[in-house]
Structure formats: structure tokens, C-alpha cells
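Before any comments, here is the structure.
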Protein chains: 2
Amino acid sequence: MRRFNLDILRNELPTTKIPYIIENGSGEHFIWNRQVFTFLSTNKSTGNMFEVVTITGEKNECFPAHLHEKMYESILVTEGVLDIHLENKTLTLNRGDYVLIPPGLSHGYSMQAHRTKILTYTIDGNITEMYQFIGQQYSHSKHPAYISRAETLAKLDLETQFDIKFTDKNSTDSKILYWPSGEGDNVLTGDQLHSLITTQKDTEDNYIVVSTEGPIGDAIVSHYHEKHTETFYCFDGKVTMWVGEQSQEIVLYPGDFLHAPAGTIHSYRFDAHYSKMIGLLVPGLFEPFFRTLGEPYDFTTFPNEPQPLNFEKVIANIDTLDLKFVSHD
Amino acid sequence: MRRFNLDILRNELPTTKIPYIIENGSGEHFIWNRQVFTFLSTNKSTGNMFEVVTITGEKNECFPAHLHEKMYESILVTEGVLDIHLENKTLTLNRGDYVLIPPGLSHGYSMQAHRTKILTYTIDGNITEMYQFIGQQYSHSKHPAYISRAETLAKLDLETQFDIKFTDKNSTDSKILYWPSGEGDNVLTGDQLHSLITTQKDTEDNYIVVSTEGPIGDAIVSHYHEKHTETFYCFDGKVTMWVGEQSQEIVLYPGDFLHAPAGTIHSYRFDAHYSKMIGLLVPGLFEPFFRTLGEPYDFTTFPNEPQPLNFEKVIANIDTLDLKFVSHD
């Protein structure tokens with residue numbers, strides 16, 4: 001177990017694997033046309049495990065059809081409306097809707113509402129370097145009201161330097177994975193609904209993505225993971241977290257982001273009548289925990305009455321789950 | 001100027017015109033099928049000036065085509081997707097999109113996302129009594145995961161007792177007013193964009209609705225209005241307000257609501273990189289203030305650099321505006 005005795009880093013990306021918070025609208029920004037790329041995690045801050053970027057832009061801002069040979073890309077819409085253009089169809093995503101784009105699948109996008117914002121997770125790529133190459137450093141988190149002229153992409157340069165090929169044809173038979181908000185492989189633990197919107201199978205164990213919603217509740221037991229890193233993005237409501245050796249209290253409101261590398265002691269509690277957070281867990285190995293503690297669930301929102309937890313099943317299988325409980329007394 | 005020396009009332013509706021706050025998910029709830037009606041203001045709490053209700057529901061929940069003879073109805077989508085069915089077309093509204101339904105215009109709705117939530121303003125009606133008649137008291141703010149059987153509407157009873165006629169034909173030539181998020185009659189004051197999404201002309205001076213967005217900024221000057229009541233609904237970010245004689249500090253996060261009747265001293269400040277609040281002002285008389293202090297604005301989001309305010313023009317016209325400044329020293 002690592003020991004972090006200092007205050008949690010805030011609104012700054014570290015160059016070693018330590019916990020940190022980026023508040024909504026803070027962070028490093030790059031602009032290209034009327035799209036602002038904000039870095040919540042980079043390969044440097046995660047030790048090449050993954051990158052997390054939000055993109056905020058104006059209606060009609062777009063990115064042309066392309067594919068990545070190696071890189072997985074997850075996109076969750078947090079504001080506005082995004083059209084994802086695939087080889088043979090267009091998917092329209094609203095706030096809370098999610099897609100996983102596997103390597104080899106051609107995709108482009110266009111924003112369909114005046115203020116559209118997406119949260120992207122990429123694994124096995126170097127997308128933040130590409131955004132720095134494409135864009136200019138920028139001191140705002142929001143796209144500008146207007147620009148004087150549009151920039152085009154230096155496609156050949158990009159193809160040479162980054163894992164990107166501009167094409168509207170797929171190089172594999174991989175399919176897009178699409179979950180509307182509330183849907184997924186749903187598991188209930190007590191009063192919390194976990195929508196597994198990316199499972200280990202979907203990414204060959206590279207990562208999982210879990211959307212968790214619930215009512216005002218109790219804090220979960222303080223714990224840490226030896227092998228996997230977690231990030232928490234508050235989507236709705238209010239999430240109070242306790243992080244690190246000294247249980248530093250952190251409150252996440254919508255758009256706030258916490259990075260908790262393996263070894264970080266943490267706990268959370270939902271403090272609003274409806275809270276929802278999006279978790280990225282890398283590598284993908286913690287899925288059995290949700291299925292052990294909880295039960296499959298056929299509905300798209302949490303129930304009024306909490307259901308029992310299979311806590312004894314977790315204890316019985318604790319050696320196979322990447323989970324260490326911490327007692328604070 | 002009225003004097004309110006007590007703590008601001010919280011999560012409870014008063015029976016006299018005093019300031020109060022309803023936090024997101026709090027308030028009185030009624031359920032009908034999988035729709036939850038939450039009362040933020042009732043005729044009793046506003047002295048018959050207006051009513052404010054949020055409706056949260058599951059995908060495919062709907063309300064059949066109907067019209068109101070006298071009542072104006074404003075609907076702003078705060079979560080999910082809502083289809084509004086008109087005599088000859090269907091409008092699809094996403095988060096932030098708004099319609100004004102004038103008296104005599106037939107309309108119905110259906111929810112298109114698993115968690116859809118709308119904010120409704122009604123003037124000259126008794127809609128909260130109707131929702132109490134239709135629904136059952138309920139102790140949650142969120143719709144249930146499932147219900148055992150669907151309820152139908154007692155249409156004849158409703159038509160007898162309330163201002164509602166079930167029909168898919170309009171009784172007047174009135175048209176729906178529709179503004180996508182970010183659009184409206186846009187006015188810039190300094191660094192804040194006010195989208196006038198309902199003007200005095202739209203409602204024969206009954207009310208106006210103003211959507212205001214801005215960056216982290218300064219507090220506006222403390223003031224009160226002698227003639228009109230304001231309500232503030234935080235849509236995005238963080239809004240700190242100071243309310244009443246003793247400048248009680250109140251922080252509004254998304255979904256929180258403040259009612260400030262005429263005479264209530266108040267001020268606000270935007271504290272997030274992107275904040276947005278929706279204001280209902282009743283009666284409709286304060287529109288000239290925005291046009292006096294600000295300038296027409298052609299864009300859908302606030303600029304990076306604040307523009308000058310026409311403050312001297314406000315001072316020169318102060319007698320014609322319902323505005324009294326308060327100095328706290």
C-alpha cells in the first residue's frame with residue numbers, strides 16, 4: 001500500500017502516478033477551430049496506462065472519418081448532442097449515451113447542439129500529443145463565441161506521427177458498442193445501479209467502464225486496489241470522497257474528475273437525491289467484484305428499496321478480487 | 001422594501017410570499033405511472049402568480065394531446081429527451097431546449113430517454129392541483145424502477161375541474177415558441193449572455209423567461225424589485241447568491257431553485273467556469289433592463305473578453321426600470 005501524506009494535487013497533472021483532482025473547466029486546454037480539448041489524464045500522468053480528454057465545442061464542429069490501428073476509444077456525451085458517423089450509419093448520442101470504438105473501426109463525429117461536450121477515454125494511444133499537434137494552447141475551457149477562419153487538418157502529417165488513418169472504410173469487422181444512458185450490463189448492489197457499459201470481454205481486459213447511480217446513501221467501506229487504477233467522473237448530483245492515507249475529504253460536483261492510481265485508499269458516498277458517476281478502471285480485471293457483490297438487474301434506474309448485498313460472497317472470494325479493505329480505527 | 005430577518009426557508013413551500021429554496025430532488029412529490037411531479041412553487045406559495053413543477057420520468061412515459069384555454073405553459077428540458085407532439089408535427093427537445101405553449105395550442109408529450117426531466121412554468125392555471133388529483137403522494141424525487149400496472153386519466157373529471165381539454169386540434173392560431181439551448185433573443189451584459197427565451201410580447205406581459213450563462217465572475221450589485229417576483233433555477237455550474245436583509249449566502253448547484261418575491265434583496269455571482277441559470281420573472285416587465293444594460297448579441301455563447309456595460313444608461317433610466325439598488329455599508 002502506497003502512502004500519500006500530502007494534500008491531494010488539484011487542477012494540475014502530475015508526472016508520476018499519484019492521486020489528483022481536476023475540477024470542472026480546469027486543466028490544460030488546446031483549441032482547434034471551435035473545439036476545446038481539455039486533458040484530465042495524459043500518458044505522462046498515468047504512466048502510459050490511459051488518457052482522458054473532454055472535448056467541448058459548438059454546433060457543426062466535426063472531425064472527419066478515421067480509424068486507429070491499436071487504440072481503443074470510449075466516448076460518453078456529457079452535454080448537447082453528438083452524431084457519430086460510421087461506415088454505413090449515423091448514431092445520435094444525447095447526454096449520458098456512450099459508445100466504445102474498437103481498433104480498426106472507422107468513425108467521425110459532428111456536434112449537433114450549440115454546447116456539446118464529450119468525455120473520452122483512450123487506451124494504447126497518444127491522443128493528447130495529437131491534440132497538441134493539431135491545436136493551440138488555450139486559456140479557456142469553453143469554445144469561443146466565434147472564430148475568424150477555420151483550420152484544416154494536416155492529415156498526412158497526422159497519419160505519419162500518430163495512430164490515425166483517415167478513411168471511411170473499416171479495417172476490421174469490429175462493431176461499435178452503444179449504450180443509451182441507463183442501459184448496459186446492469187448490476188444492482190444494495191441501492192446502487194452499476195451499468196457495465198464496457199466489460200473485460202469488450203476490450204480484451206484492457207479496461208472496463210462502469211456508470212454508477214444511486215440515492216443519498218452510506219459511505220462504502222474504505223479500500224484500495226493493488227493492481228488497477230480508477231478514475232471517477234461526477235456526472236450528476238454530489239459525490240463525497242475520502243482519498244489517501246489521511247482520508248482527505250473531496251467533494252465532486254458534475255464535471256469534476258478524480259484519478260486514483262493503484263494503491264490509493266478511497267471511499268465514496270452519494271450525497272444528492274440522484275447522483276451518478278462514471279468510472280474508468282484500468283486494466284480490466286475488477287468486473288467480477290460487481291457480479292459477486294451484486295445481482296443482475298433488469299431495470300434502468302435504481303429501486304426505491306435497497307436490496308441485500310452479497311458481502312459474505314465477496315469475503316469468501318476476496319483473494320481473487322483486487323480489493324483490500326482498510327480500517328481507520 | 002420588505003424585511004426578512006430569518007433564515008431563508010429551505011425545502012418547504014411557504015403559504016405567504018417569502019423567499020425560499022428547494023434543493024434538487026427535495027420538495028413535495030406526486031406520482032402518476034412512472035412520472036414524478038415535484039412542486040417548486042404553487043399558487044399558494046406565490047399568491048396565485050405562477051406555479052413551477054419539475055416532471056421526472058422513464059422513457060415512453062407520456063401525456064395525451066390537450067390544450068389549456070387560459071394557461072400559459074413553458075417547458076425546459078433539464079435531462080434526457082422530450083418529444084412535444086403538436087397538431088401537425090413533433091418537436092424533439094434535448095437538455096436546455098425550451099418551448100412556450102400559449103393558451104389554445106394543442107400539445108402532448110412523450111419522454112424519449114430513460115431519465116427525462118423537465119422544468120415547467122405555468123401562469124394563470126392550477127396545474128399543481130391537477131397533478132395532485134391525478135397522482136398519489138410519493139416520497140421519492142425519482143421515478144420508480146418499475147410499476148405493476150399503468151393508470152389511465154379520468155379525462156372527463158379533469159376537463160370539468162381544471163383548465164384542460166383533451167384534443168389534438170388547436171382552438172386558436174397561436175404558434176409554439178421554440179428555442180434550442182443557446183438560442184433566443186440574445187443580449188450580452190459584460191461577460192454574461194442572457195437569452196430572452198420568452199419576451200413580454202410572447203405572453204402579453206404575463207412573464208418573461210431568461211436563460212443566463214457566464215464564466216467565473218464578480219457579484220452583481222445587490223438590489224431588489226418592487227413589482228416583480230423572480231425565480232432562479234441553477235442549470236449548470238455553481239451560483240452563489242446573497243438573499244434578504246442580512247445577505248444570507250446561498251449556493252445553488254444544478255437543479256437547485258430559489259424563489260425571490262418582490263421586495264427580496266438579492267445578488268448573485270457565477271463561481272464555475274461555465275454556469276447557467278434559468279430565470280422566471282413575473283409579471284413580465286423587466287425586459288427593458290436587459291436591453292438597457294446590454295447590447296444585442298449574435299452568438300450562442302458568452303465571449304472570452306467581457307464587453308462594457310451601459311451602466312450609465314441604466315442610471316439615467318432607473319425610474320422606468322423596476323430596480324432599486326441596495327448599499328450594504
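Coordinate-derived values only; no laboratory data. These figures come from a predicted structure and were not determined experimentally. With ideal geometry, Cβ positions are generated from the backbone for all residues, glycine too; neighbour counts draw on all protein chains shown.
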Which one of A:Asn170, A:Gln136, A:Thr116 has its Cα pushed farthest toward the positive end of the charge dipole of segment A:22-178, where Lys and Arg give +1 and Asp and Glu give -1 at the Cβ? A:Thr116
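If you take every DSSP beta bridge whose two residues both sit in segment A:183-325, what share of them, in percent to the nearest 5, is antiparallel?
Working: 43 of 43 bridges.
Roughly 100 percent of the beta bridges in segment A:183-325 run antiparallel, per DSSP.
About its Cα centre, what dipole magnitude does segment A:20-118 give when the only charges are +1 on Lys and Arg Cβ and -1 on Asp and Glu Cβ, stated in debye to the nearest 20? Numbers along the way, then the final one.
On the way: 8 positive and 11 negative charges, 19 e Å.
In debye, rounded to 20, segment A:20-118 gives about 80.
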Note, segment B:121-126: 3J(HN,Hα) by Karplus (6.51, -1.76, 1.60, θ = phi - 60°), whole Hz, Gly/Pro = x, goes 10, 10, 10, 6, x, 9
By Cβ neighbour count within 10 Å, fewest first, A:Phe162, B:Phe311 rank B:Phe311, A:Phe162
Part-to-part distance (alpha-carbon centres) for segment B:232-308 and segment B:108-154, which is given in Å: 28 Å
Quick one: what are the phi-derived ³J(HN,Hα) couplings along segment B:216-222, Karplus 6.51/-1.76/1.60 with θ = phi - 60°, whole Hz, x for glycine and proline? 3, x, 8, 5, 7, 5, 4
Other-chain or far-sequence residues with amide H under 5 Å of A:Thr78's (modelled H): A:Gly96, A:Lys117, A:Ile118, A:Leu119
Based on Cβ point charges of +1 for Lys and Arg and -1 for Asp and Glu, what charge dipole magnitude is obtained for segment A:84-214 about its Cα centre, in debye rounded to the nearest 20? 640 debye
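Rounding to the nearest 20 debye, state how big the charge dipole of segment A:192-320 is about its Cα centre with +1 on each Lys and Arg Cβ and -1 on each Asp and Glu Cβ. Display every interim value, and only then the final one.
Numbers: 7 positive and 18 negative charges, 16 e Å.
That gives segment A:192-320 a dipole magnitude of about 80 debye.
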For A:Lys142, give me every one of the lysines with a C-alpha distance below 21 angstrom, ignoring sequence neighbours fewer than eight places off in its own chain. A:Lys59, A:Lys117, B:Lys238, B:Lys276
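Among residues other than A:His225 whose Cβ falls under 9 Å from its Cβ, what is the net charge (Lys/Arg +1, Asp/Glu -1)? It would help to have the intermediate numbers written out before the result.
Numbers: positive: A:Lys227, A:Lys324; negative: A:Glu226, A:Glu230, A:Asp322.
Combined, the nearby Lys, Arg, Asp and Glu give -1.
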Below 22 Å, Cα to Cα, which lysines can B:Lys313 reach? Residues fewer than 8 away in the same chain don't count. B:Lys227, B:Lys324
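Summing Lys, Arg as +1 and Asp, Glu as -1, what charge do residues with Cβ under 15 Å from the Cβ of B:Thr152 carry, B:Thr152 excluded?
Values: positive: B:Arg34, B:Arg149, B:Lys155; negative: B:Glu61, B:Glu151, B:Asp157, B:Glu159.
Neighbourhood net charge equals -1.
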Charge dipole (segment A:22-178, unit charges on Cβ, about Cα centre) - positive-most of A:Phe37, A:Gln161, A:Ala150: A:Ala150
Please identify, among A:Leu177, A:Leu100, A:Leu156, the residue showing maximal mean-square fluctuation in a Gaussian network model of chain A using a 10 angstrom Cα cutoff. A:Leu156
Below 8 Å, C-alpha to C-alpha, sequence gap of six or more: please give me the relative contact order for segment B:182-325 in percent. 34 percent
The farthest towards the positive end of the charge dipole of chain A, of the residues A:Ile265, A:Gly237, A:Gly184, given +1 on Cβ of Lys and Arg and -1 on Cβ of Asp and Glu, is A:Gly237
